[in-house]
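Asker: Following this message is one structure expressed as structure tokens.
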Amino acid sequence: MGRTGVRRPFMDKIVIHGGKRLSGEVQILGAKNAALPLMCAALVGDRPTTFRHLPALTDVATMVRLLRSLGCECSYADERTLTLDPRGVAQGTFEAPYELVKTMRASVTVMGPLLARFGRTRISLPGGCAIGARPIDQHLKGLEALGAQITLRHGYVDLRADRLRGADFVFDTVTVGGTQNVMMAAALANGTSRLENAAREPEVQELAIVLNKMGAKISGAGTPTVLIEGVDRLDGVDHAVLPDRIEAGTFMVAAALTGGDVLLRDAPVEYMQAVIAKIQQTGTRCEAEGGNLRVVAPERLKPVDVVTRPHPGFPTDMQAQLTVLASAAHGRSAITETIFENRFMHVPELNRLGADIVVNGNTAIVRGPAQYTGSTVMATDLRASASLVLAGLIAEGRTEIRRVYHIDRGYERIETRLQALGADIERHHDAPA
């Protein structure tokens, strides 16, 4: 384990003996999907930026590696406080190599900042991933509208611009990363930009808050129309990352599944209304207590139908977890995935444990309650791995989950935090692949 507290568990496995009721309190940590673009935003400033409440995740460690490779100085004051000094980037390579982009797609979010601040960048194309193709065409179209000259060659995209200029741009589809990339680039452009059909996710709003603290002039973040008045320079800031709504939702499901009573400290309730509403439909009690959220399971879970949508709809990153909750309910549920075309890879593994789930196109029909029994299963991606942990919590006997390096990309020490709530779960090192 390094200074950041991030493990490198390529051969680890998680073992769960199910049937334990969860109770107590869990602290919701900083949001991965907010932290990564915020770290990229440090590149548009000309002085150091400090982020607090960073989660100790492998994706954060990968972003640190990328920023250091660009010449950005990265120094930890403690496990959750990171200062980024971009002043050395001017002498760097301005390149995000394939080795890092293939590991973490969020690496492409350095594109807008590097182009705006230094006038050039070279980024490996990310290609597809386990949950489906996720092209960056909207990123490139938006940057081209701001004046970028773009060349594709040998699996890399080269971008150049003497000075970006403000422009009106309409995204063809809603894209969180594309909105963030173009918004950061436009912050230093000459003139005013208007982005239409922009993503409305909390992580986009968080980025706008930080950029404005740095001296940007951005309005409308959180709505489909974002206005950016370009400025000549941006300063460094000190900022605490908002709590992770997906982590909070995952612990909500864990409490509901296990007949539990769990208090989620610092849960970002204002950004979780769609998730809270669906979990409440299962009969689970969800009540805000100050800045926290209490989740109390019902005696009998009710079925629930879910359709994933861009924010403020139900998030695709909670689909796999909600599928497990639906499988424990008494009756038929329908889970429809509209964001990614290949995000039911957890279903065969859940069925191995005893679920009754049939996928037809982009809809999974779930019949419950499942009688889960422990087995050995394989994680395929971040949220799929979370769903297997949740199923293991209610499975009879021993569940062994392999390839758990996926889960460490988005959940910090999930096994120790579930242990503190009463789960019988532990990590084993050097497990077979």
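Asker: With the crude spin-label approximation of a point 7 Å out along Cα→Cβ, what separation in nm comes out for residue 144 versus residue 358?
Answerer: Between residue 144 and residue 358, the simple spin-label model gives 4.5 nm.
Asker: Which residue fluctuates most in the GNM of the chain (Cα springs below 10 Å): 296, 359, 226?
Answerer: Maximum fluctuation in the GNM of the chain, among the listed residues, is at 359.
Asker: For a footprinting-style exposure proxy, rank 40, 74, 286 by other Cβ within 10 Å, fewest first.
Answerer: In order of increasing Cβ crowding within 10 Å: 74, 286, 40.
Asker: Show the residues, 5+ positions off or on another chain, whose built amide H is closer than 5 Å to the amide H of residue 96.
Answerer: Here the answer is 122, 123, 124, since their amide H atoms fall under 5 Å of that of residue 96.
Asker: Now a separate question. Mind checking the alpha-carbon convex hull of the chain and giving the volume per residue in Å³?
Answerer: So the per-residue Cα hull volume is 124 Å³.
Asker: What are the ³J(HN,Hα) values, in whole Hz, obtained from phi via the Karplus relation 6.51 cos²θ - 1.76 cosθ + 1.60 with θ = phi - 60°, for each residue of segment 228-240 in sequence order, with x given for Gly and Pro?
Answerer: 10, 9, x, 10, 7, 7, 10, 9, x, 9, 10, 8, 9
Asker: Next question. Counting other beta carbons within 10 Å of each Cβ, put 183, 252, 378 in order, fewest first.
Answerer: In order of increasing Cβ crowding within 10 Å: 378, 183, 252.
Asker: Pull up all non-local amide H partners of residue 398: gap of 5 or more, or a different chain, and H-to-H distance under 5 Å with H placed in the peptide plane.
Answerer: 374
Asker: Hey, another quick one. Apply the Karplus curve 6.51 cos²θ - 1.76 cosθ + 1.60, θ = phi - 60°, to the phi angles in segment 333-347 and return the couplings in whole Hz, x for Gly and Pro.
Answerer: Each residue's phi maps through the Karplus curve to give 10, 10, 10, 10, 9, 10, 8, 10, 7, 9, 10, 10, 5, 6, 4 Hz.
Asker: Would you pull out the residues with amide H under 5 Å of residue 234's amide H, same chain only if 5 or more places away, H placed 1.01 Å from N?
Answerer: 46
Asker: Classify segment 176-248 from the C-alpha gyration tensor, please: rounded if a/c falls under 1.5, else prolate or oblate depending on whether a/b exceeds b/c.
Answerer: Oblate is the answer for segment 176-248, as a/c is 1.5 or above yet b/c matches or exceeds a/b.
Asker: Choose one answer from 287, 201, 299: the residue with the largest mean-square fluctuation in a GNM of the chain with alpha-carbon springs under 10 Å.
Answerer: Per the Cα network of the chain with a 10 Å cutoff, 299 tops the list.
Asker: Which value does Rg/Rh take for segment 32-240 over its C-alpha atoms, Rh per Kirkwood?
Answerer: My calculation of the ratio gives 0.92.
Asker: With unit charges on the beta carbons (Lys and Arg positive, Asp and Glu negative) and the dipole taken about the Cα centre of segment 39-156, which residue among 60, 116, 44 sits farthest to the positive side?
Answerer: It is 116, whose Cα lies furthest towards the positive end.
Asker: Quick check: the angle from helix 245-257's long axis to the longest principal axis of the chain, C-alpha only, nearest 10 degrees?
Answerer: The two axes meet at around 0 degrees.
Asker: Another question about this same structure. Once you've got the GNM for the chain with C-alpha springs shorter than 10 Å, pick whichever of 61, 288, 328 has the biggest mean-square fluctuation.
Answerer: Comparing 61, 288, 328 in the GNM, the peak value goes to 288.
Asker: Would you mind classifying segment 265-360 by shape? Square roots of the alpha carbon gyration tensor eigenvalues, ordered a ≥ b ≥ c; an a/c under 1.5 is rounded, otherwise it is prolate if a/b is larger than b/c and oblate if not.
Answerer: Note, shape of segment 265-360 comes out oblate.
Asker: Net charge around residue 156, counting only other residues with Cβ within less than 14 Å of its Cβ (Lys, Arg = +1; Asp, Glu = -1)?
Answerer: Net of charged neighbours comes to +2.
Asker: With +1 on each Lys and Arg Cβ and -1 on each Asp and Glu Cβ, and nothing else charged, work out how big the dipole of the chain is about its Cα centre, in Debye to the nearest 20.
Answerer: Magnitude of the dipole: close to 400 debye.
Asker: Using θ = phi - 60° and the Karplus form 6.51 cos²θ - 1.76 cosθ + 1.60, what ³J(HN,Hα) does each residue of segment 193-204 get, whole Hz, x for Gly and Pro?
Answerer: Each residue's phi maps through the Karplus curve to give 10, 10, 9, 10, 6, 6, 5, 10, 4, x, 5, 5 Hz.
Asker: Also, I was wondering about something else. If you rank 409, 367, 383, 153 by fewest surrounding Cβ atoms within 10 Å, what's the result?
Answerer: By the 10 Å Cβ count, ascending: 153, 367, 409, 383.
Asker: Roughly how many Å is it from the Cα centre of segment 101-127 to that of segment 10-64, as a whole number?
Answerer: Value for the Cα centre distance between the two parts: 21 Å.
Asker: Before anything else, pin down the relative contact order of the chain: Cα pairs under 8 Å, at least 6 apart, normalised by residue count, whole percent.
Answerer: 21 percent
The numbers here are math on the coordinates, done by the rules we state, and not lab data. Everything numeric here is computed off the predicted structure, so don't read it as measured data. All Cβ positions, even for glycine, are placed from backbone atoms using ideal geometry, and neighbour counts span all protein chains on display.
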